[in-house]
Every structure is written in C-alpha cells, then in structure tokens.
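For reference, the structure discussed in these notes is given below.
The values are calculated or read from the model by the stated rules, or taken from the named source; none is laboratory data. Only a predicted model underlies this, so the values are computations on that prediction, with no experimental measurement involved. Neighbour counts run over all protein chains shown; Cβ positions are idealised from the backbone, glycine included.
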Amino acid sequence: MGVGMKVLRAIFLILLGLYFFVPLLAMARFAFQSVPVVLLTPEKLLEGWSISGLLEVFGNPEFQRATLISLQLMVLAIVLTLVLLLPLAALVEIRAPQLRTLMTAITLLPWVVPPVALVVGVAATFRNTVPWFLASPYSLVPFYVLWALPFSYRALDAGLRSIGARTLYEAARVMGASTFTIIVRVIIPNMIGAIIAASVLTAALVLGEFAFAALLLKETLPTFMAEFQRSEPRAGMALALAVMLLTALIIWIGVRALRKRGMDLQAAGV
Amino acid sequence: MRRRFDTATVIVAVPFLAFVGLFLFVPTIGLAIKAFTPGGSFGFSAMQRALEGTYRTAFINSLALAATSAILGGVIGLLLALSLRSLRRPKWLRSTTDSWSAVAAQLGGIPLAFAFIAAIGTQGIITKLLNQIGFDITDSGFSLSEFWGLVVVYLYFQIPLMFLVMMPAVGGLKNTWSEAASIMGASSGRYWRSVALPLLVPSFLGGLLLLFVNSFAAYATAYVLNPGAQLVPLQIRFLLQGNVITGEQDLAYAIVLWTISLLLASLLLIAILQRRTAKWASA
C-alpha cells in the first residue's frame with residue numbers, strides 16, 4: 001500500500017471517528033451544561049455543568065413506571081425467546097437438519113413486516129376479536145420476540161454450529177444419554193455465549209422500540225422519552241444519553257462474553 | 001428406518017409455529033383481506049388509492065431515502081472493513097471498531113435523533129462552530145428534517161451494520177490469494193476485480209438488503225426529526241391515529257400491504273442475486 005493510500009485511509013478513519021463521536025459529545029454538552037448554545041463562548045466552556053436534570057428524571061414517577069415496564073418487557077421477551085427457540089434450534093441442528101432451510105426462512109420473515117406495518121394488522125385483527133389482549137402493556141412481548149427473531153435465531157444457530165452440536169449429541173448418545181439430558185446437560189451449558197448474544201440483541205431491541213409501543217399507546221421507556229423531551233429538553237436529552245449508554249453497556253457485555261469464547265457479535269446471518 | 005419427522009422436534013416446533021402464525025401471519029393476512037375489501041366488499045380501490053397523490057410521494061421518498069442510505073452506508077461500511085483489514089497498528093482500533101459497531105448498529109431511534117439535533121440542529125453546537133468559521137449550515141439548505149439530513153442521521157446505524165456484515169467476508173480474503181494472483185502476473189486492480197470483489201458480492205448484497213429494510217421501516221428517528229415528513233411509516237401513523245373517516249383505515253391497510261410486498265420482493269430479489277453471484281464466485 002502506497003503512502004498516498006495510507007494518508008487517505010487515515011483521513012477516512014479520522015473523519016468517521018469524528019462522525020460517530022461528535023454527536024454524542026454534543027448530546028452530553030446539551031444535557032449537562034446549562035449554557036444555551038447562543039451564549040456559549042470559549043470562556044464559558046467550563047461553566048454551568050451539572051447532572052441535576054438527569055437526577056430529577058430519575059425521581060419522576062412516570063419515568064419510573066415506564067422504565068419498570070420496559071425492563072419487565074425486556075426480561076419477558078428474553079425468557080420467551082429462549083423458551084421458544086433454544087430447544088427448537090438445538091433439535092433442528094442435531095435431529096432434523098432438513099428443517100434448517102425452513103427455519104432460516106421463517107425467522108427472516110419478521111424483517112418483511114416491520115413494527116409500523118404489523119401494528120396496522122394487529123389493529124385490524126386483534127382489536128376487534130380480543131381487545132383485552134391489547135389493553136395490557138405485556139401484549140408487546142410476543143411482538144418484540146418476533147422482531148428479534150432474525151437476530152436471536154441466528155445467534156443461537158451460529159452458537160450451535162460453533163460448538164459442533166451434532167458431534168456432541170452423537171458422542172453423548174453413544175454413551176447412553178437421552179435427548180433431553182443431552183440438550184439440558186451438554187448443549188445448553190456449552191452455548192452460554194450464544195445465549196448471551198441472543199439475549200443482548202433482544203434486550204437492545206426492546207429498549208429501543210418506539211413505533212409499535214407508540215402507535216398502540218403504551219408507555220415504555222422510548223415513548224416516555226419522546227414525550228418528556230418536549231417539555232424538558234435538557235433533562236430529556238440527558239435521559240436519552242443515559243439510555244444510549246445503557247444500551248451500549250448491555251451490548252458491550254454481550255460482545256465481551258462472546259469474545260471470551262472466540263466469537264463475534266454479528267448482524268443477522270446475511 | 002428413520003421417520004420423516006422426529007417426535008421431539010415436532011413437540012417444540014408446534015408452539016413456535018403457532019407463535020409465528022398467531023402474531024405474524026394472522027395480523028398480516030387480516031390486513032391483506034381488509035386491504036382488498038374496502039368498505040366491506042371486494043375491490044382494488046384502496047390498493048389503487050394507496051399509490052396516488054401524497055401516498056405515491058411518500059413511497060417515492062421512502063424508497064429514495066432507503067436506497068440512498070443503504071448504498072452510502074454500504075459503501076462506507078465496506079471501505080471501513082477493508083481499511084481495517086490491512087491496518088496493523090494501532091492495535092486497539094480494530095477491536096474498538098468491532099465493539100462500537102455492534103453497539104452503534106442498534107442505536108437507532110429516539111436518542112439518536114436527539115444526538116444529531118444537539119450537534120447539527122439549528123441550535124446545534126457544530127452548527128454554531130461552523131457558523132463562526134463562516135459556514136452557515138442552514139443557509140446551505142441542509143436541514144435535519146429534510147432528505148439529506150435524514151440520510152446523515154441514518155448512516156449512524158447503517159455504516160456499522162454494513163461493517164458487521166462485511167467483516168467476516170473481508171476477513172476471509174486470504175493474503176495468499178493476492179500473492180498468488182500477483183505471481184501469475186495480475187495487477188492489484190485485476191486481483192480486486194477478478195478475485196476479491198466477486199467473493200465479497202454475496203455478503204455485500206445481503207448487507208444492502210438489511211440496510212434497505214432497516215431504513216425503509218425506520219420510524220422513531222424520522223418521527224422526532226420531522227413528524228410531518230412524507231414518508232411511508234409516518235403516513236401510516238397519520239392514517240392510524242387520524243380520526244376514523246370511512247375508508248381511511250382501508251387506505252392504511254393498503255399502504256401497509258404495499259410496503260410488505262415491496263420488502264418481500266426485495267428480499268426475494270437479493271436472495272436470487274446472492275445465489276447467482278455465489279455460483280459465479282465459486283465457478
């Protein structure tokens with residue numbers, strides 16, 4: 001690679017770095033410095049910093065309610081994802097590999113029906129037939145599981161292949177273990193990395209999803225955030241930054257867990 | 001003799017299929033039926049109206065936004081993966097970019113829109129900084145609520161997403177291949193044209209689709225930056241939340257059915273292209 005190319009590459013990487021970093025910095029300044037941009041001069045750069053806005057949000061009962069709901073939705077969505085998918089993905093891999101293509105296709109479908117589209121279908125069907133179902137915020141759980149499918153299924157599937165699940169199964173089988181024992185005592189303990197990856201991707205989706213919750217008039221953390229920022233721009237910005245950092249932290253934990261096992265957190269297997 | 005279906009697999013597959021059927025197929029089929037029965041009787045009027053006037057504009061805008069942000073994000077994400085591949089130092093850069101991409105690819109939505117408002121909105125700090133060195137963003141016609149503004153914001157999750165998709169493929173290019181090509185007298189340009197790029201094309205196409213769907217369906221970011229934008233997701237919101245004028249609901253069903261058909265068609269198109277290029281690369 002020539003010197004010219006190297007310089008170009010360095011410029012490219014620096015520009016990208018700025019593009020990704022500067023908005024976060026601007027966000028932090030807006031959130032924690034009480035000097036409006038118009039009045040900001042180099043001398044005032046260190047004035048008026050405080051995190052009181054954020055602390056106030058934490059005390060807001062509406063915020064607490066929305067956060068509690070979002071955290072509950074997150075846990076429920078992760079549990080439902082694992083209950084539905086983990087045994088199925090394992091059995092498809094070890095006993096019915098002919099179903100793999102079908103599973104790949106089915107788990108890709110939620111892509112084609114994004115939240116803002118499915119909400120219309122839900123309104124068209126469930127609202128008339130089972131209105132009580134949509135009354136509870138927990139009705140969001142199955143839909144969140146659904147949209148996480150392309151990512152969660154692929155994470156589990158990649159995990160199964162990377163541990164050589166079929167070989168493990170055959171070895172345990174020869175030694176006389178039942179399929180149930182093999183899945184519970186051999187496959188799942190070896191898949192902690194993939195389970196964490198699937199959970200982390202589901203969690204990130206739940207913490208960020210706005211369209212479906214907003215259009216069904218459910219108060220979750222993202223819908224609260226959008227509403228709150230209108231009345232309290234500064235504190236709202238601080239909250240958004242905090243949620244961003246929380247999401248980043250959750251995903252980073254997942255990346256760490258995977259890396260320890262020599263894997264990468266990848267986008268849906270495209 | 002092996003049975004066609006394994007009992008244990010069937011037992012765990014049934015709840016999963018019931019789940020997908022109930023929460024994905026039932027609502028989708030339900031809305032498809034309603035889209036074709038405007039006002040209660042069979043007809044194409046809703047489907048037709050969904051592609052007229054403002055709704056046509058919304059589809060064109062959404063398509064343009066999705067395509068532009070997918071192609072730009074795709075190319076930049078690929079370039080990022082390629083430039084990190086050949087980069088040895090600093091060592092931390094590679095692993096930081098990996099982790100950061102995994103994070104940023106998920107950072108769409110409300111907070112992201114806020115971040116850009118704080119940076120390059122009308123009251124943004126970068127807007128002010130540029131203003132002081134004599135460049136007025138607003139005068140230049142740039143606005144976060146317009147087309148290019150949305151593109152700039154969407155790239156924030158599109159570039160890392162493409163990077164994640166391309167990294168395994170780019171990492172799979174072996175140095176011995178370029179050496180072999182140069183021993184056989186191929187120029188570096190020839191190596192890229194005949195060896196490297198064909199190998200990257202299937203992943204790149206898959207990535208493009210992911211990015212396209214991702215931005216076509218993006219709702220929260222656009223909602224914050226410009227709730228009145230002529231984009232399909234925001235039009236759906238209007239129809240869904242607006243007062244229940246007779247026929248307006250049918251229009252929402254029809255717009256959504258077109259959207260789903262469009263996304264499904266692009267999924268199939270990419271699958272076909274991928275299969276072809278995969279064959280070509282292995283030939």
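When you look at residue B:126, is it more than 29 Å from residue B:57 (Cα to Cα) and facing another protein chain (nearest Cβ under 7 Å), yes or no?
Details: more than 29 Å from residue B:57 (Cα to Cα): yes; facing another protein chain (nearest Cβ under 7 Å): yes.
Spelling it out, residue B:126 is indeed more than 29 Å from residue B:57 (Cα to Cα) and facing another protein chain (nearest Cβ under 7 Å).
Mind listing whichever residues of the range A:19-38 are hydrophobic (A, V, I, L, M, F, W, C) and at the interface with chain B (Cβ under 10 Å from one of its Cβ atoms)?
Within the range A:19-38, A:20, A:21, A:22, A:24, A:25, A:26, A:27, A:28, A:30, A:31, A:37, A:38 meet the criteria.
Can you say whether residue A:206 is modelled with pLDDT under 90, over 23 Å from residue A:29 (Cα atoms) and of a type in the set (Val, Ile, Thr), as far as the supplied structure shows?
no
Can you name every residue in the range A:11-34 that is surrounded by 19 or more Cβ atoms within 10 Å (Cβ to Cβ) and not in a helix (DSSP H, G or I)?
Scanning the range A:11-34 gives a single hit, A:33.
Please verify whether the range B:166-174 includes one or more residues that are free of Cβ contacts under 8 Å to residues at least 24 places away in the same chain and more than 19 Å from residue B:76 (Cα to Cα). First the steps, then the outcome.
Pass one, the range B:166-174, residues free of Cβ contacts under 8 Å to residues at least 24 places away in the same chain: B:174.
This time we only want the ones that are more than 19 Å from residue B:76 (Cα to Cα), so: B:174.
The answer is yes; a qualifying residue exists.
For residue B:217, only one of the following conditions fails: (1) within 25 Å of residue B:112 (Cα to Cα); (2) more than 9 Å from chain A (Cβ to nearest Cβ). What is its number?
Status for residue B:217: all satisfied but (2).
Would you be able to tell me the number of residues in the range A:119-158 that are under 15 Å from the mean Cα position of the chain (by Cα) and of a type in the set (Val, Ile, Thr)?
Selection size over the range A:119-158: 2.
When the range B:190-231 is examined, which residues are found to be aromatic (Phe, Trp, Tyr), surrounded by 21 or more Cβ atoms within 10 Å (Cβ to Cβ) and over 13 Å from the mean Cα position of the chain (by Cα)?
Matches in the range B:190-231: B:223 only.
Could you list, in sequence order, all residues of the range B:105-137 that are within 11 Å of residue A:23 (Cβ to Cβ), in contact (Cβ under 8 Å) with a residue 40 or more places away in the chain and part of a loop (DSSP other than H, G, I, E, B)?
Residue satisfying the conditions is B:107 alone.
Confirm whether residue A:68 is in contact (Cβ under 8 Å) with a residue 60 or more places away in the chain, out of contact with any strand residue (DSSP E or B) (no Cβ under 7 Å at 6 or more places or on another chain), over 29 Å from residue B:235 (Cα atoms) and more than 7 Å from chain B (Cβ to nearest Cβ).
Considered against the rule, which asks whether it is in contact (Cβ under 8 Å) with a residue 60 or more places away in the chain, out of contact with any strand residue (DSSP E or B) (no Cβ under 7 Å at 6 or more places or on another chain), over 29 Å from residue B:235 (Cα atoms) and more than 7 Å from chain B (Cβ to nearest Cβ), residue A:68 comes out as no.
Considering only residues that are surrounded by fewer than 23 Cβ atoms within 10 Å (Cβ to Cβ), more than 9 Å from chain B (Cβ to nearest Cβ) and among the β-branched types (Val, Ile, Thr), which ones fall in the range A:79-126?
A:79, A:101, A:104
Scan the range A:160-200 residue by residue and report those that are among the hydroxyl-bearing types (Ser, Thr, Tyr), part of a helix (DSSP H, G or I) and surrounded by fewer than 21 Cβ atoms within 10 Å (Cβ to Cβ).
Of everything in the range A:160-200, those that are among the hydroxyl-bearing types (Ser, Thr, Tyr), part of a helix (DSSP H, G or I) and surrounded by fewer than 21 Cβ atoms within 10 Å (Cβ to Cβ) turn out to be A:162, A:167, A:179, A:181.
Just checking, which of A:174, A:184, A:200, A:206 is of a type in the set (A, V, I, L, M) and away from every other protein chain (no Cβ under 14 Å)?
Exactly one of A:174, A:184, A:200, A:206 is of a type in the set (A, V, I, L, M) and away from every other protein chain (no Cβ under 14 Å), namely A:174.
Could you name every one of the helices (runs of 4 or more DSSP H) located completely within the range B:138-241 that has at least 3 residues being within 23 Å of residue A:208 (Cα to Cα)?
Output list reads B:147-171, B:197-216, B:220-225, B:232-241.
Given the range B:1-102, what helices (runs of 4 or more DSSP H) lie entirely inside it while holding 2 or more residues that are more than 12 Å from every other protein chain (Cβ to nearest Cβ) and either surrounded by 15 or more Cβ atoms within 10 Å (Cβ to Cβ) or at positive phi (or both)?
Answer list for the range B:1-102: B:45-49, B:53-85.
What are the pairs, 6+ residues apart or on separate chains, where a residue within the range B:259-275 that is under 16 Å from residue A:101 (Cα atoms) has its Cβ under 6 Å from a residue that is part of a helix (DSSP H, G or I) and hydrophobic (A, V, I, L, M, F, W, C)?
As it stands, the answer is B:274/B:205, since those pairs meet every condition given.
Of the residues B:161, B:234, only one is under 17 Å from the mean Cα position of the chain (by Cα), crowded, with 22+ Cβ neighbours inside 10 Å and at pLDDT 90 or above; which?
Just a single option satisfies the conditions, and that option is B:161.
I'm told residue B:116 meets every condition in (1) closer than 25 Å to residue B:67 by Cβ; (2) of a type in the set (Phe, Trp, Tyr); (3) surrounded by fewer than 24 Cβ atoms within 10 Å (Cβ to Cβ) except one. Can you identify the failing condition by its number?
That leaves (3) as the condition not met.
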